[in-house]
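The values are calculated or read from the model by the stated rules, or taken from the named source; none is laboratory data. Keep in mind it's a predicted model, so treat the numbers as computed, not measured. Here the Cβ positions follow ideal geometry from the backbone for every residue, glycine too, while neighbour counts run over all protein chains shown.
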Amino acid sequence: MGVLGMVELGGALWEGPETRLGKTLWRTMDSEILAAGSSTAMKYAFTRERPAKTDDPGEWFVHGSNYSFPSAEAAFSASMVTPFVLEYAGEHPATYGLLLLPLYVGVGRVKNQAHWQTDVLAGWAIGGLSGWFAHSRETPLIVQVLPHGVVVGLKTRF
């Protein structure tokens, strides 16, 4: 778990799912888990070769360690910002600026020949759909499986 994941988890535990920010943080974690699971399953299903290994973007079902499609990094970055954009952009238009993060990640993945453009586009779609699904739920999935002690949030206990 990286620094952003620790900040999300810490913020979600602190806020709990009853505040707007807390619920958004829990939804973001839901979104990231859905995007990671979906993109990983698709990587094993499609086994596309990376552009650094071949000039042919049609190298699908090659097996081995060829996991280019879809871009998990693009999916993760899109899944991370989508719940925040859907929740706050109507009131705070600057929130749309968060969409620059998946754009930056996607461009970097293509430029470094780690992914084809279609890999990144599919990753963005997976991340966006995961974020939309997580945001559309009344109660975040993770909160539903946690014991009631965590649901309150640490800041309201003191």
| task | Could you tell me which residue of segment 98-118 is farthest from ALA75 (Cα to Cα), considering only residues that are in contact with a Gly (Cβ under 9 Å, 6 or more places away or on another chain) and of a type outside the set (S, T, N, Q)? | result | ALA114
| request: For segment 86-102, name all the residues that are of a type in the set (A, V, I, L, M, F, W, C) and free of Cβ contacts under 8 Å to residues at least 12 places away in the same chain. | output: ALA89, ALA94, LEU100
| query | Quick one: would you say GLU138 is under 21 Å from the mean Cα position of the chain (by Cα), acidic (Asp, Glu), modelled with pLDDT under 90 and assigned to a loop (DSSP other than H, G, I, E, B)? | reply | yes
| Do you know which residues across segment 39-82 are surrounded by fewer than 23 Cβ atoms within 10 Å (Cβ to Cβ) and among the hydroxyl-bearing types (Ser, Thr, Tyr)? | THR40, TYR44, THR47, THR54, SER65, TYR67
| remark: Checking THR40, THR54, THR95 in turn, the sole residue that is in contact with a Phe, Trp or Tyr (Cβ under 8 Å, 6 or more places away or on another chain) and of a type outside the set (Lys, Arg) turns out to be THR95
| message | Condition check: in contact with a helix residue (DSSP H, G or I) (Cβ under 9 Å, 6 or more places away or on another chain), polar (S, T, N, Q) and farther than 14 Å from ALA122 by Cβ. Does THR54 satisfy that? | response | no
| request: List every residue pair whose Cβ atoms lie under 7 Å apart, where the two residues are 6 or more positions apart in sequence or sit on different chains, the first residue falls within segment 1-29 and is farther than 25 Å from GLU73 by Cα, and the second residue, located anywhere, is basic (Lys, Arg). | output: TRP14/LYS155; GLU15/LYS155; PRO17/LYS23
| message | Out of everything in segment 8-51 that is at pLDDT below 85 and within 15 Å of the chain's Cα centre (by Cα), what residue ends up being farthest from VAL120 (Cα to Cα)? | response | LEU9
| task | Examine segment 104-121 for a residue that is farther than 30 Å from THR19 by Cα and acidic (Asp, Glu), and state whether such a residue exists. | result | yes
| field | Any chance GLU32 is of a type in the set (D, E, K, R) and surrounded by 15 or more Cβ atoms within 10 Å (Cβ to Cβ) | value | yes
| request: Could you run through segment 111-129 and say how many residues are more than 12 Å from the chain's Cα centre (by Cα) and either under 16 Å from ASP30 (Cα atoms) or surrounded by fewer than 18 Cβ atoms within 10 Å (Cβ to Cβ) (or both)? | output: 7
| task | Confirm whether VAL105 is under 21 Å from MET29 (Cβ atoms), out of contact with any strand residue (DSSP E or B) (no Cβ under 8 Å at 6 or more places or on another chain) and either modelled with pLDDT of 90 or more or loosely packed, with under 13 Cβ neighbours inside 10 Å (or both). | result | yes
